[in-house]
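The values are calculated or read from the model by the stated rules, or taken from the named source; none is laboratory data. Computed from a prediction, not measured in an experiment: that's the story for all the values here. FYI the Cβ positions are ideal-geometry reconstructions off the backbone, even for glycines, and counts take in every protein chain you see.
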Amino acid sequence: MSRIATTFDNLQKQGRKALIPYITAGFPFADITPELMHAMVAAGSDVIELGVPFSDPMADGPVIQRAGEKALALGVGLAQVLGMVRDFRQRDGSTPVVLMGYANPVERYELTHGQGAFARHAAAAGVDGLLIVDYPPEECEAFAAQLKAVGLDLIFLLAPTSTDQRIQQVARVASGYVYYVSLKGVTGAGHLDTAAVDAALPRIRQHVKIPVGVGFGIRDAVTAKAVGRVADAVVIGTKVIQVVEDQPRNGAAKALSSFLTEIRTALDS
């Protein structure tokens, strides 16, 4: 059983929901990411989504775009991200790490290191899953099989506009968990309608038999708790970036830990 499956299985037995924070690798300082990852775990996070910086992120709002631009300017690319995961794994062998990003960095990595190298190197570094925003399920079954062969999960997005056919396609290929985008728009956009989330999840669960996490628009303990009542996991990205972006080097981990502890407490209450 993968680290992701084990984590969700244990949480289900405990009657608890997964807290999944997102942070852009290499932000706000090039060398701080493993430290922030450990702070996330200490604050009660169950899975970490680690954003791979990319110059043209179609699904990300301005906050995460700025984070990615800064990380790129600091020289952080996919190879450096894998190094950060290796560093994190020296002290933490159990918390799942999911890389979230876009096809271009993965395909460039393959051109440089050879076909199939990315999956092998990611698994060796300690990555547990991939969420590639612009890999639709009908076009990446071979990639999913490649990941599965080295023990990696492939995670997909679903949206309020997803048809039953698309949900079925995702259900056939996805593993680990499915990420339901609660808003029509980019990360950090709009106002979260928790009633709409409540209504959407039963339709998704008719087809998807793995855990369903919900993200986009979750910014505080109140919304996290409301979403946690119906979802298996709560994903928080934009607010995490905002919490750390203006912190000094020695204050970022503490600020992040304080914020996530509040979210964890709300989910468990």
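Details
- With respect to the stated conditions, S162 fails to be closer than 16 Å to V197 by Cα, of a type outside the set (F, W, Y) and in contact with a strand residue (DSSP E or B) (Cβ under 6 Å, 6 or more places away or on another chain).
- The set of residues in the range 237-269 that are aliphatic (A, V, I, L, M), surrounded by fewer than 20 Cβ atoms within 10 Å (Cβ to Cβ) and more than 22 Å from L99 (Cα to Cα) comprises A255, A266.
- Options S45, S2; residue that is in contact with a strand residue (DSSP E or B) (Cβ under 7 Å, 6 or more places away or on another chain) and surrounded by fewer than 18 Cβ atoms within 10 Å (Cβ to Cβ): S2
- Cβ pairs under 7 Å, 6+ apart, first in the range 72-94 and within 16 Å of D128 (Cβ to Cβ), second basic (K, R) and not in a loop (DSSP other than H, G, I, E, B): S94/R3
- Filter result (buried (at least 24 other Cβ atoms within 10 Å of the Cβ) and either among the small types (G, A, S) or more than 13 Å from the chain's Cα centre (by Cα) (or both)) within the range 19-38: A25, G26, F27, T33, L36
- Some residue of the range 116-138 being modelled with pLDDT under 95, of a type outside the set (A, V, I, L, M), out of contact with any Pro (no Cβ under 7 Å at 6 or more places or on another chain) and assigned to a helix (DSSP H, G or I): yes
- Any hit, the range 170-180, residues being of a type in the set (K, R), modelled with pLDDT under 95 and within 16 Å of A144 (Cα to Cα): yes
- Residue pairs meeting the criteria (Cβ under 9 Å; at least 6 apart or on separate chains; first of a type in the set (K, R), in the range 196-214; second surrounded by 16 or more Cβ atoms within 10 Å (Cβ to Cβ) and not in a loop (DSSP other than H, G, I, E, B)): R203/I167; R205/V212; K209/A171
- Of all the listed residues (Y135, Y180), the sole one being under 22 Å from L50 (Cα atoms), touching a residue at least 40 places away in the same chain (Cβ under 8 Å) and either surrounded by 13 or more Cβ atoms within 10 Å (Cβ to Cβ) or of a type in the set (V, I, T) (or both) is Y180.
Here's the yes/no breakdown for (1) out of contact with any Pro (no Cβ under 9 Å at 6 or more places or on another chain); (2) part of a helix (DSSP H, G or I):
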site	(1), (2)
Y22	yes, no
M37	yes, yes
E49	no, no
D60	yes, no
A71	no, yes
L82	yes, yes
V85	no, yes
R108	yes, yes
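- Being touching a Cys at 6+ places or on another chain (Cβ under 9 Å) and surrounded by 19 or more Cβ atoms within 10 Å (Cβ to Cβ) holds for only one residue in L147, L158, L154, and it is L154.
- Test for L111: is it touching a Lys or Arg at 6+ places or on another chain (Cβ under 8 Å) and farther than 24 Å from A18 by Cβ: no
- Test result for A171, surrounded by 23 or more Cβ atoms within 10 Å (Cβ to Cβ) and either out of contact with any Phe, Trp or Tyr (no Cβ under 6 Å at 6 or more places or on another chain) or in a strand (DSSP E or B) (or both): no
- Check on G151, modelled with pLDDT of 95 or more, part of a loop (DSSP other than H, G, I, E, B) and touching a Gly at 6+ places or on another chain (Cβ under 6 Å): no
- Residue, surrounded by the most Cβ atoms within 10 Å (Cβ to Cβ), within the range 199-216, restricted to residues that are over 17 Å from G51 (Cβ atoms) and among the small types (G, A, S): A200
- Within the range 56-71, the set of residues being free of Cβ contacts under 8 Å to residues at least 60 places away in the same chain, under 22 Å from G129 (Cα atoms) and surrounded by fewer than 18 Cβ atoms within 10 Å (Cβ to Cβ) comprises just one member, D56.
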